[in-house]
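**Q** Take this structure, written in structure tokens, and hold onto it; I'll ask about it next.
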Amino acid sequence: MSFDAKRFLNSLTTSISTERKDQKLVYRKALDFYKCNSKAHLDSILSPQFIDYDRVKDSTIFREMGMTKGIVDNISLVYSQKPKRNFKIGESDLGDKLQDYIDGIYNTLGNSFFQIHEKLVNTLSHCSVLVTWDESQLKFMLMTPDKYDIIQDEMDYTKANAYYFQIDSVDDMTNKQNVTKFVYVDDTTFSKVITGTTWNKDSIVTETALANTKLEPFDGAKSTDNIYGTIPVITTRSQPPVMDFFVDQNARLFESNESVLITKNTSANKTGFLQGYSQMVHTKNTGSAMNESVSDAFQVGVDVKVNLENGITGGQLAEKLEFLSPSTDLNMLNQDIKDTYLQTATIFGLGESDGNVKANASGLSLVVSDDKKNKLINASRPTYVKFESDLFDMIRIVNNKHSATTIPNNITINVDFEEIETTIGLQDKIDWYQFEIDNAMKSKWEILIEDNPELTEELAKEQVARAEEENKQDEQDLLNMTDDKNKEESE
């Protein structure tokens, strides 16, 4: 696919449509929730629930719930430990020089990059990685789906024929219009795209901009051509895409459920604060028909007196002053908040019925059993095996266009993700060791070192040899004792 200005502007129209902008907002809110920055969205969450929100928002009792972060961190376990990456050329190992070079790429990248990528995939259901070259080394850029758009394949809407993201320049003096540039990449083009003028950043590009749309090389680039011959972007999704490129299931779950949790918790906090106080009420008989007793500016609070008029005379005090106390069940409110948290956790496979999976009511943090963690890793493993393979292929393509060290095309990568050690009973441990020995998975001296890491290989082998010799002697003694010939001699 080559760059086509009309096709690009048509896609740009879609990318700033109401539907796509709403989806981007969902992604951004979910990401902010993961970063424990839900306060940035507090007004949009609470204002629809409280008519007088603008007046009372400064007295709102708010705390970060951290539900999204708590769940995402507990299901993002594939890269909790650095995996072992084995590279082969056919059946042979790589030479030391090439092995060191490839190891250097991954060491520079660091396991933290893979951890962040996995957490973004679990938070948003969707994350991409752009692989490029920066002066003397590979460069990796994480791209969340609220920051870029794509030109969809006409025959398969789940695939992208091009990726692009916006670069905003400084607004002009009127602060009304914005000249916009884009980073654009397809399989033949990798460049800046100048589109002309867009109004207020959200308007569809004007027809006059079509004639002004042009390509511009990046600083230092010789042309706008894509020298890689492929789009150097790897996209990972937590679920398979269906009739659309962008996947957002997790983002929508976290965005909606944490918003509900914040609303409930804010209400519970306010109720809890007022629970320890009584509301002062001043009631006055007017001696006339019932008047409107509560104005639009009606306020409730520990430092506010509520004035009421009942409009009834006879047999009642002319006026009275009393205190009313709320009787809301705070335990019920707190349990409801905990249930909301756990209902969301269950959707992501963290049900209370699984081992030690439970929520700490005070901090609403999850405790997950080791066995459950291993199940979560195994469930996610195929997604990241594919990601590792696709990423290495892209590393090879980009590297070989810039580096003096060539990575051969026939190298394959095998990734072994570390499993979490599950605490088991002594007999289960013995049975497992026996299983490893019977199936030649480990030797006896390796099991000894695993159980006692301070042992050296030499000492472990000596212990095994001594134990085997003693076992042989015990067996011989037992044989001698049970041999009929020996019995006769003894008699």
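**Q** If you average 1/r across every pair of different Cα atoms in the stretch 68-137 and take the reciprocal, what Kirkwood value do you get, in Å?
**A** About 14.4 Å, per the Kirkwood formula over Cα pairs.
**Q** Ranked by accessible surface with a 1.4 Å probe, highest first, in what order do Val72, Val260 come?
**A** Val260, Val72
**Q** In addition: Along the charge dipole of the stretch 65-162, which of Val78, Phe113, Ser128 sits closest to the positive end, that is, farthest toward it, with unit charges on the beta carbon of Lys, Arg, Asp and Glu (+1, +1, -1, -1)?
**A** Farthest towards the positive end: Val78.
**Q** Need one number: the % of Cα-Cα pairs in the stretch 1-148 sitting beyond the 19 Å mark.
**A** Taking all Cα-Cα pairs of the stretch 1-148, the fraction more than 19 Å apart is 71 percent.
**Q** Net charge near Glu64, counting Lys/Arg +1 and Asp/Glu -1 over other residues with Cβ under 12 Å of its Cβ?
**A** Summing Lys and Arg as +1 and Asp and Glu as -1 gives +2.
**Q** If you don't mind, another one. Got a number for carbon plus sulfur as a percent of the stretch 87-161's accessible area, 1.4 Å probe?
**A** 45 percent
**Q** Using 1/(1 + (r/R0)^6) with R0 = 56 angstrom and r between the beta carbons of Glu418 and Asn212, what's the FRET efficiency to the nearest 0.05?
**A** Result of the calculation: an efficiency of 0.55.
**Q** Within the set of other residues whose C-beta is less than 14 Å from the C-beta of Thr406, count the net charge using Lys and Arg as +1 and Asp and Glu as -1.
**A** +3
**Q** Which value, in Å² and to the nearest 10, is the accessible area of Lys284 when all protein chains are kept and the probe is 1.4 Å?
**A** Here the accessible area works out near 110 Å².
**Q** If I take every Cα pair under 8 Å that is 6 or more residues apart in the stretch 1-94, average their sequence separation and divide by the length, what percent do I get for the relative contact order?
**A** Contact order relative to length: 24 percent.
**Q** Would you mind getting me the FRET efficiency between Asn471 and Tyr101? Use the beta-carbon distance for r and R0 = 60 Å, nearest 0.05.
**A** For Asn471 and Tyr101, the calculated efficiency is 0.75.
**Q** How much length, in nm to one decimal, is gained on full extension between Asp22 and Ser80, taken as 0.36 nm per residue of separation minus their Cα-Cα distance?
**A** 17.6 nm
**Q** I'd like the accessible area for Ser278, computed on protein heavy atoms only with a 1.4 Å probe and all protein chains in place. Round to 10 Å², please.
**A** Roughly 50 Å² of Ser278 is accessible to a 1.4 Å probe.
**Q** At 0.36 nm per residue, minus the direct Cα-Cα distance, what do Ala379 and Val281 gain on full extension? Give it in nm, one decimal, please.
**A** Contour length minus the Cα-Cα distance gives 29.3 nm.
**Q** Before I look further, what does the stretch 48-100 give for accessible area per residue, probe 1.4 Å, in whole square angstrom?
**A** Normalised by residue count, the accessible surface of the stretch 48-100 is 61 Å².
**Q** Which GluC sites (Glu not before Pro) in the stretch 1-96 pass both tests, a DSSP loop state and at most 12 other beta-carbon atoms within 10 Å?
**A** Passing both the DSSP loop test and the Cβ count: Glu91.
**Q** Treating cross-link reach as a plain straight distance, find the lysines whose alpha-carbon is under 25 Å from the alpha-carbon of Lys442, omitting any fewer than eight places away in the same chain.
**A** Lys442 reaches Lys82, Lys84, Lys88, Lys373, Lys375, Lys429, Lys461, Lys472.
**Q** For Met332 and Asn37, what does the FRET efficiency come to when R0 = 30 Å and r is the distance between their Cβ atoms, rounded to the nearest 0.05?
**A** Approximately 0.50, to the nearest 0.05.
**Q** Below 8 Å, C-alpha to C-alpha, sequence gap of six or more: please give me the relative contact order for the stretch 25-150 in percent.
**A** It rounds to 26 percent for the stretch 25-150.
**Q** Quick one: how many Å² of Ser17 are accessible to a 1.4 Å probe, rounded to 10?
**A** 40 Å²
The values are calculated or read from the model by the stated rules, or taken from the named source; none is laboratory data. Because the structure is a prediction, the values reported are computed rather than measured. We place every Cβ from the backbone using ideal geometry, glycine too, and count neighbours over all the protein chains shown. The area values use the complete protein model at the heavy-atom level, side chains included, leaving out ligands, DNA and RNA. Shrake-Rupley method; radii C 1.70, N 1.55, O 1.52, S 1.80 Å.
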